[in-house]
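This report concerns only the one structure given below.
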Amino acid sequence: MAILDDLKKLVECESPTENLEACRKVIEIAKDLAKEITGSDAEVFDENGRPVFWLGSKNPKIVLLAHLDTVWPIGSFQPTWRIDGDTVFGPGTFDMK
């Protein structure tokens, strides 16, 4: 199932909040997925030293704000990605990724 494959890519790219290199990696994955799914290029830039993923209008009427970082240190989940029945486990699976 494509959505689970995409989610797995995001989750397996662990992205602790304070690890900016890891946060940049997960944003690059999101950028590639956005291009593949929507056909549009997302913009990636830094704001106050933090990477930002932006897709859409520069002057939107509605903004969907989300995050791709997680609080878990790399290696906290072993395995990082797991499916048990109809439940997916891993960092970020329940909030935003």
Rounded to the nearest 10 degrees, the helix 2-12 long axis (Cα) sits at an angle to the longest Cα principal axis of the chain of 80
Using the Kirkwood formula on alpha carbons, the hydrodynamic radius of the chain in angstrom works out to 14.2
With the 1.4 Å probe rolled over protein heavy atoms, the chain has an accessible area per residue in Å² of 70
For the chain, longest principal axis from Cα atoms; helix 20-38 axis from its Cα atoms; angle between them, nearest 10 degrees, is 70
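The values are calculated or read from the model by the stated rules, or taken from the named source; none is laboratory data. Because the structure is a prediction, the values reported are computed rather than measured. Keep in mind that these areas ignore ligands, DNA and RNA; they rest on the heavy atoms of the full protein, side chains included. Shrake-Rupley method; radii C 1.70, N 1.55, O 1.52, S 1.80 Å.
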